[in-house]
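This report refers to the structure that appears directly beneath it.
The values are calculated or read from the model by the stated rules, or taken from the named source; none is laboratory data. Just so you know, these numbers come straight off a predicted model, no measurement behind them. We place every Cβ from the backbone using ideal geometry, glycine too, and count neighbours over all the protein chains shown.
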Protein chains: 4
Amino acid sequence: MGVNAPLNRKLRMGLVGGGPGSFIGRVHSIGACLDNRAEVVAGALSSNPERAKQGAADYNIDPDRAYGSYEEMFEAESKLPDDTRIDFVSVTTPNHTHFDIAKEAVEAGFNVICDKPMTFDLAQAEALQAAVEASDVVFAVSHNYTGYPLIRQARAMIQNGDLGEIQAIRVQYIQGWLRDKIEAEDQKQAAWRTDPTKSGAAGAFGDIATHAYNLGRYMTGLLPDQISCHLKTFVPGRALDDYGTAVIRYENGCLGTVTASQISHGRENDVLIEIDGTKGSLQWRQENPNEMYVRANGQPHKIYTRDPNAPYMTPAGAAACRLPAGHPEGFFEAFANIYGSAFDAMIERAEGKSFEKRDTIYPNVYDGVEGMFFIQQCVASSQQDAAWLSLKHAAARR
Amino acid sequence: MGVNAPLNRKLRMGLVGGGPGSFIGRVHSIGACLDNRAEVVAGALSSNPERAKQGAADYNIDPDRAYGSYEEMFEAESKLPDDTRIDFVSVTTPNHTHFDIAKEAVEAGFNVICDKPMTFDLAQAEALQAAVEASDVVFAVSHNYTGYPLIRQARAMIQNGDLGEIQAIRVQYIQGWLRDKIEAEDQKQAAWRTDPTKSGAAGAFGDIATHAYNLGRYMTGLLPDQISCHLKTFVPGRALDDYGTAVIRYENGCLGTVTASQISHGRENDVLIEIDGTKGSLQWRQENPNEMYVRANGQPHKIYTRDPNAPYMTPAGAAACRLPAGHPEGFFEAFANIYGSAFDAMIERAEGKSFEKRDTIYPNVYDGVEGMFFIQQCVASSQQDAAWLSLKHAAARR
Amino acid sequence: MGVNAPLNRKLRMGLVGGGPGSFIGRVHSIGACLDNRAEVVAGALSSNPERAKQGAADYNIDPDRAYGSYEEMFEAESKLPDDTRIDFVSVTTPNHTHFDIAKEAVEAGFNVICDKPMTFDLAQAEALQAAVEASDVVFAVSHNYTGYPLIRQARAMIQNGDLGEIQAIRVQYIQGWLRDKIEAEDQKQAAWRTDPTKSGAAGAFGDIATHAYNLGRYMTGLLPDQISCHLKTFVPGRALDDYGTAVIRYENGCLGTVTASQISHGRENDVLIEIDGTKGSLQWRQENPNEMYVRANGQPHKIYTRDPNAPYMTPAGAAACRLPAGHPEGFFEAFANIYGSAFDAMIERAEGKSFEKRDTIYPNVYDGVEGMFFIQQCVASSQQDAAWLSLKHAAARR
Amino acid sequence: MGVNAPLNRKLRMGLVGGGPGSFIGRVHSIGACLDNRAEVVAGALSSNPERAKQGAADYNIDPDRAYGSYEEMFEAESKLPDDTRIDFVSVTTPNHTHFDIAKEAVEAGFNVICDKPMTFDLAQAEALQAAVEASDVVFAVSHNYTGYPLIRQARAMIQNGDLGEIQAIRVQYIQGWLRDKIEAEDQKQAAWRTDPTKSGAAGAFGDIATHAYNLGRYMTGLLPDQISCHLKTFVPGRALDDYGTAVIRYENGCLGTVTASQISHGRENDVLIEIDGTKGSLQWRQENPNEMYVRANGQPHKIYTRDPNAPYMTPAGAAACRLPAGHPEGFFEAFANIYGSAFDAMIERAEGKSFEKRDTIYPNVYDGVEGMFFIQQCVASSQQDAAWLSLKHAAARR
């Protein structure tokens, strides 16, 4: 069967961001291309023309399609013939620029994969949602942890009722890399992420607690009701939170907790999620993503491994695997799974078929909106001494 | 050197509670006697005379000293000669009875090891504190997790400044045994622990979150300022909380979180504590208590094992070990360490020496008071929609 | 029910060895007394009278029963009345002295718990077997790892056929404490264990590989056929092996491997056993003894925890637990389980009942003989360039 | 900087094998292309023309370059202009076909990445070595586990002397997928791997023990002296070994053990290597490849994580990382590292520079020869009752 059948060709990627010194742009390109279903053919990797050229060479992008700005890219690519023009745009720039880029891409008719948090603030997110709804593009947000096979497995198991009614969700996302004020030392990643003019209203809560919250929402589908949040800035002189904790009341009575840290010495990228249901519980840790603990009283603890051939795997879980059990998959593959699912929708679109926009297996614009709402309410709650604020947003999907 | 030198004899234990079907009474007796420093010589194991006799045989207690009530025991033992009379009383009954027993024991001049939570409510705890202060007895509370060698090691390291200023404490205490309403099935342990007339104002928070909170306090010495707590009762018909989460503001700005569950399927007795300081972080899990992770940015993760011979061990940590590294110690040994430290004080008392009553290595009456205050404020906060309430109590020690 | 019913009294222990500086003597006494079923009442803790006295005080032994030699103890105790005389002798001295002590104790009619390896050489072991067979005493050998609840659980599961036919046994026992030549620095434990006149023909293989081999034998009951062994002495100037590996052919075709090290930096007491059967496999690690992995193709990995209340536990496994799941038990408890099982037999003997001598749940004299045969054949094989030698011995039990 | 600078273009890959139903062909193509440094442009994916076409579409190979045989591919590609012709050939077919394909590719001047074991027997391997030596091609063998960052890190540490003199190497490679006779059920992977006419003289030892042995050799550089091996076939009717163990004497006195299983229920792909040196020891497990334990007596156990930014990382270790610590990398990345290192050499060759052929960071033809010698001697030793045979081969590199 051909690549991306019935298209039988690779999808063409236009990358925004990802120039020298970038982290997440390279991750997007590797994730997008891992399965040989896409190719980076164009890029606006930097607004500095020299850096843009340099970056383009890194990606083997033809110099003709190494654009000096995303506007230029969209305009030029739009004029290219159907069999050459980029199919989708990956937005991998700092947060404050997402909105303009993504909205323009959507309006130009390009499919979009947008990094998270989706925009700078909620208003932008809602405007972007409207733009997507007014278009017929595929729009995904890279809440990449949802792409791990065992996360999709867990989601399917919960949807199947294997855990019963969900009553508690505990998520921790613990890092240590901002323990010192490295933004003052010209560390590029640290600099923009701790700068409220680029990162948005929140620091740790915008960068990582959004992932943590999204993960629980994605896996359980529970709708939130209220949130109480307490943010801290432990590193002197830092402008945004680098630690915080939130309590979430879900509509069904479930109690959620989210704690995020960027100041925990030696901790790397430790996302730990635990979910308790009336029939079973589960536990998964991102740093060892190929196994998940599933437990029920009176039974041995069970470790579900990422095993595409195991009878216990759901179709969604098995489809997200590339390798047999025991052959570790990781972060890139999770990204690739987000891309792959979005590609499936892009093919449907390219074929002129209708495709699901709301209840997608990949995080979409609605999740992006909800993420921005989460950030907004966390910051507001924290400013009001952890007051309970509504976490209900019309965009939230089950 | 003789046992309990210079006393050169075993200490004599009078056990209250611990009759057939009891859990913690047996744990106390094994912990107390593990090092051959004490012997159970008397008991008021049950208020039912027949069960009291039966229980006494289990412990090899002389029938003459198998009392029908604690009052009887204190009265009779008080009349025995110095070289026969019990040295200390272990209170291992349900919570609502602790106060009367402990207070009477103190007033009769017996040293006391009291199970936690120390009393039924705060008023009792404060009254007991007064009684202890008015006496010259040794009084310990069995917050047994503080007896683990690596917990004492961690405390010493924090006191030494190895972690720098402490900024975050995360504790989870996750169990699953009350997932079903087993108190309705005549399970003795479940029955009293879920009964507000016996357990006190809180369920999970009284039974296990107190341990979790105490552990953070013990290890860091940080003084608390305010608490916001959210309790849940997930099992229909249960009278007390079986799940909850609290956020704690410490005086120095440290942010603490405590989450406790008794309804997480398949989870056993999973106490996980993580402490973040400006110079390092640590992580310890009760279910695998012989190792502790210590981390600092840029360095390999370090596992400190319970190794009495390792140069990295502090005197307090090393002194709490009985076996070389790699020879697992566990729950009984932690109990035994609480007892052992209390025994050291009892010997000093018996020798007529002054002994430390407040800044002890074992949890004492002040910790017991603070635990009751914690429970009271958690319940009150939860009833007020997780309002911030004061967590400052005059009894709190560093 | 009374202690040791129907005896309704504690058993009386006479300890040989265990004086100041000893390791294993103290372990025996704690293990023996943990459940309040026994008491150390007499001892020949050292052949040096002063040290014997000093040691006796440590154990709270009455000075009258602090003997200067084991001969003296056996003679004096034999003359004591039935209700005072020691019930059993624990032999915790260096290996070369075990035989004389144990044989004399047996012949004097005392039950015996003998440390491993049972004797200095095979001839002694066979002579001791004959002595035990000629007597009516209970005789146990402290292959203590067999006392762990999950080891007894595994044994019962294998006996029940849960793993099918056993085809492979892999055991590693890795330590690092003899990495340097600490025997030259007057480290008492190292000194005798590396001295062929005290330890016997083998070093690491006598001290720890015997445990490893015994564990596989105990758990599977498979009879051995042949062995090929390769011993190494890595530390210059050391007289005995400090590393080695052996391959074992079992009668049923099962292939076994045993590797032991005392020179692996930083390794503590890492016994790892893996058993493969036609229906399932298992894996257990001594340093985390409260869990065991059980696996079968196509199923989630299962962790059996030490849970006395779990339906999956066999009676033998459950009976070896003292605490609920999640409350770690360790090394002392494993020792205590060997003692406890031997006590059960001692009670039967004391009641005049017949009791099982060969197919016991505790390691017995036959296991001791087999251990010495294992050592002898390992050394011989190694000396013959790892030649295959017979590992069949008439004493071997299933 | 351009891709593969100064070439500034992707390298062109010709894939042999990898058609529908293949496992390792897809792994090679993903590994090769992960970093956007290569592209699959031609293939001889199957000798069946229809399947070859079908497979080519899977890889987006132009139908013109979807060849019906490798001979056809080499002939046709050789005639293509320099800027179109494939740069390298990946040989991913069953073992018995490697030699003809690889030799012809080498002789046609194509660089080669050959799957392991390199050939069907030693004679072929030696002939291939001669062919490679007579050519100027880059030749790599996909002993992929050597591509893990922490394996390269460990190798550099050992070369730096961090562990001192190496005295023991223990490797286990445990799988369970051939527990049942699935080759009888037309499972394609199982069928050829258990067929001596396709797999070669050994089963488990050819398929996986070679990896295990190679890993120890790669990490330590120690030269082997002798081997004693014992192979077993546990599944009735199977033609090749599915279990075995070998003891290896290294020239410096180090003792090695290699155990491999394909019949251990539920075990996935569990490669565990432990190395003991006079100054430190290390331990690494493939199923959790992002961490490695490094230990020394008296120090905390250290976990080196795959952290490109950590001061403790060697240049070789850091260069093999793509992501920050805590962002798991896995099996594909290890493959990609083998490819990437071979690409570096291919660029040097393309630039007309001399390049290292023997002391390469990637496994090369000499390792391939040694692997075949290992298999031959294992089988021979096993047939002679585990006799000690020489393991010295002239091709062995440090």
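In the stretch A:199-210 there is no residue that is more than 20 Å from residue A:391 (Cβ to Cβ), within 9 Å of chain B (Cβ to nearest Cβ) and either surrounded by fewer than 24 Cβ atoms within 10 Å (Cβ to Cβ) or within 20 Å of the chain's Cα centre (by Cα) (or both). Scanning the stretch D:293-329 for residues that are of a type in the set (Gly, Ala, Ser), in contact with a strand residue (DSSP E or B) (Cβ under 9 Å, 6 or more places away or on another chain) and within 14 Å of chain C (Cβ to nearest Cβ) yields a count of 1. In this entry, residue D:394 is excluded by the filter for residues that are closer than 30 Å to residue C:267 by Cα and more than 14 Å from chain C (Cβ to nearest Cβ).
Out of (1) more than 25 Å from residue B:100 (Cβ to Cβ); (2) among the aliphatic types (A, V, I, L, M); (3) assigned by TED's automatic domain parsing to the domain that holds residue B:97, the odd one out for residue B:41 is which? For residue B:41, the failing item is (1). When the stretch C:25-72 is filtered for residues that are away from chain B (no Cβ under 14 Å), touching an Asp or Glu at 6+ places or on another chain (Cβ under 9 Å) and assigned to a loop (DSSP other than H, G, I, E, B), only C:67 remains. Comparison of B:90, B:78 shows that the only residue that is outside any loop (DSSP other than H, G, I, E, B), at pLDDT 95 or above, in contact with a helix residue (DSSP H, G or I) (Cβ under 6 Å, 6 or more places away or on another chain) and of a type outside the set (Val, Ile, Thr) is B:90. Here residue A:344 clears all of (1) without any contact (Cβ under 8 Å) to a residue 60 or more places away in the chain; (2) farther than 24 Å from residue A:32 by Cβ except the condition numbered (2). The residue of the stretch B:386-398 that is nearest to residue B:221 (Cα to Cα), among those that are touching a residue at least 40 places away in the same chain (Cβ under 8 Å) and among the small types (Gly, Ala, Ser), is B:396.
Can you tell me which residue in the stretch A:239-264 is nearest to the other protein chains (Cβ to nearest Cβ), limited to those that are of a type in the set (Gly, Ala, Ser) and buried (at least 21 other Cβ atoms within 10 Å of the Cβ)? Ranking the qualifying residues of the stretch A:239-264, first place goes to A:264. Of everything in the stretch B:1-24 that is touching a strand residue (DSSP E or B) at 6+ places or on another chain (Cβ under 6 Å) and away from chain C (no Cβ under 12 Å), the residue that is surrounded by the most Cβ atoms within 10 Å (Cβ to Cβ) is B:16. Can you give me the number of residues within the stretch B:78-127 that are surrounded by 23 or more Cβ atoms within 10 Å (Cβ to Cβ), over 25 Å from residue B:215 (Cα atoms) and of a type in the set (D, E, K, R)? Residues in the stretch B:78-127 being surrounded by 23 or more Cβ atoms within 10 Å (Cβ to Cβ), over 25 Å from residue B:215 (Cα atoms) and of a type in the set (D, E, K, R): 1 in total.
Condition check ((1) hydroxyl-bearing (Ser, Thr, Tyr); (2) under 13 Å from residue C:109 (Cα atoms); (3) in the same structural domain as residue C:192 (by TED's automatic domain parsing); (4) without any contact (Cβ under 8 Å) to a residue 12 or more places away in the chain) across all residues:
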{"position": "C:49", "(1), (2), (3), (4)": "no, no, no, no"}
{"position": "C:55", "(1), (2), (3), (4)": "no, no, no, no"}
{"position": "C:61", "(1), (2), (3), (4)": "no, no, no, no"}
{"position": "C:65", "(1), (2), (3), (4)": "no, no, no, no"}
{"position": "C:68", "(1), (2), (3), (4)": "no, no, no, no"}
{"position": "C:79", "(1), (2), (3), (4)": "no, yes, no, yes"}
{"position": "C:82", "(1), (2), (3), (4)": "no, yes, no, yes"}
{"position": "C:85", "(1), (2), (3), (4)": "no, yes, no, no"}
{"position": "C:89", "(1), (2), (3), (4)": "no, yes, no, no"}
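A search for C-beta distances below 8 Å between a residue of the stretch D:265-291 that is more than 13 Å from chain C (Cβ to nearest Cβ) and any residue that is basic (Lys, Arg), counting only pairs 6+ apart in sequence or on different chains, returns D:271/D:285; D:289/D:306; D:290/D:306; D:291/D:306. Checking each residue in the stretch D:29-63 for being out of contact with any helix residue (DSSP H, G or I) (no Cβ under 9 Å at 6 or more places or on another chain) and closer than 21 Å to residue A:11 by Cα picks out D:29, D:54, D:60.
All of (1) outside the structural domain of residue B:229 (by TED's automatic domain parsing); (2) free of Cβ contacts under 8 Å to residues at least 12 places away in the same chain hold for residue B:383 with one exception: (1).
Within the stretch D:217-227, the set of residues being in contact with a Leu (Cβ under 8 Å, 6 or more places away or on another chain) and crowded, with 24+ Cβ neighbours inside 10 Å comprises just one member, D:227. Flag: residue B:263 does not match the condition of being within 21 Å of the chain's Cα centre (by Cα), at pLDDT 95 or above and closer than 26 Å to residue A:281 by Cβ. Scanning the stretch D:150-192 for residues that are away from every other protein chain (no Cβ under 12 Å) and surrounded by 24 or more Cβ atoms within 10 Å (Cβ to Cβ), we see that the one that is farthest from the chain's Cα centre (by Cα) is D:154. You will find that of B:165, B:104, the residue that is more than 18 Å from residue B:357 (Cβ to Cβ) and assigned by TED's automatic domain parsing to the domain that holds residue B:15 is B:104 and no other.
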